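Everything on this sheet refers to the single structure shown next.
The values are calculated or read from the model by the stated rules, or taken from the named source; none is laboratory data. Nothing here was measured: the structure is a model prediction, and the numbers come from that model. Note: ideal-geometry Cβ built from the backbone for every residue, glycine included; neighbour counts use all protein chains shown. Heads up: the accessible areas ignore ligands, DNA and RNA and are worked out on the full protein's heavy atoms, side chains in. Shrake-Rupley method; radii C 1.70, N 1.55, O 1.52, S 1.80 Å.
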Amino acid sequence: MNTSSLPAFLQALAQSLKDLAPILLVITFFQVGVIHQPLPDLLDMLLGTGFIVIGLTLFVQGLESGLFPIGSAMAHSFARKGSLTWLLLFAFALGFGTTVAEPALIAVAGEAAEVAAEGGLIEDDPDAMALYARGLRYTVALSVGIAIALGVLRIVRGWPVHYLIIGGYIGVIVMTLFAPREIIGIAYDSGGVTTSTITVPLVTALGVGLASSIKGRNPMVDGFGLIAFASLTPMIFVMAYGMLIR
């Protein structure tokens, strides 16, 4: 980092600390004012908070200088290439690849496998739990890949986003009526964990970049909405996965 970029980095650090301040105030208030206990391991907590601030700052800087430009540039390139097939394949691969690597999904899938084993839904051994977690991860990743491809097709064709979203949630309601009760909560949570640190920046840049590259498309109207698809389809697919393995 050169000297000229140091003030900007310090400003970014200050902004990250400002963003984290409400969380820190809430924790401190309830720990000291409600529970009436001092903060445990205060020095370690302060050190950890410092690491969080630095990590968040570096992450945001990385998004602005790395992932956002990459996603936008690739969207422009595919739009100029004019091949819908390759564009849809890229969208599917991007959604699938980023979701498989999503740390939040890995954690939720592992926790779901442990709970399923404790509840007797699967055998209580490491191989069965690993198979269950892996199946859950790939099911969610497949659904996100399909969702991003469908969202890209919507941008290309100019379809209204609200029609597809309404239809998707009708599908969620219908699947909820038939899915095993044990999988419904996991399915709903799967829709949230897919839209996290890795998936959101690239998918957002892809949608906005693609809408900016196609004549007659408005980035504000057509460029957003891909994340909604990525949150919606995992609920349907995971409930179908639960029905299948039952």
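Table for the structure above
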item: Residues of the chain: accessible area per residue with a 1.4 Å probe, Å²; result: 56 Å²
item: The chain - percent of accessible surface contributed by carbon and sulfur, probe 1.4 Å; result: 70 percent
item: Kyte-Doolittle at least 1.0, axis length at least 18 Å by Cα - qualifying DSSP helices, the chain; result: 6-28, 42-62, 84-100, 103-118, 126-157, 161-178, 199-213, 226-245
item: Centroid-to-centroid separation of the stretch 16-92 and the stretch 99-129 [C-alpha atoms, Å]; result: 25 Å
item: Ordering of 182-192, 48-58 by burial proxy (mean other Cβ atoms within 10 Å per residue, highest first); result: 182-192, 48-58
item: Convex hull projection area averaged over all views, the stretch 135-231, Cα basis, nm²; result: 6.2 nm²
item: For peptides 128-135, 142-149, 34-41, 23-30, sequence by mean Cβ density within 10 Å, most packed first; result: 142-149, 128-135, 23-30, 34-41
item: Dipole moment magnitude, nearest 20 debye, the stretch 35-126 about Cα centre, only Lys, Arg, Asp, Glu C-beta charged; result: 980 debye
item: Column: log10 I(q)/I(0), Debye, Cα scatterers of the stretch 14-109, q = 0.16, 0.19, 0.24, 0.25 Å⁻¹; result: -0.89, -1.03, -1.20, -1.22
item: Pairs of Cα atoms farther than 30 Å apart, the chain, %; result: 43 percent
item: Extension gain, ASP127 back to TRP86 (0.36 nm per residue minus Cα-Cα distance, nm); result: 11.1 nm
item: Cleavage-rule hits, GluC sites (Glu not before Pro), the stretch 74-152, DSSP coil, Cβ neighbours within 10 Å at most 13; result: GLU123
item: Mean separation of Cα contacts under 8 Å, 6 or more apart, over the residue count of the chain: relative contact order %; result: 25 percent
item: Net charge dipole size for the chain [Lys, Arg +1 and Asp, Glu -1 on Cβ; Debye, nearest 20]; result: 1420 debye
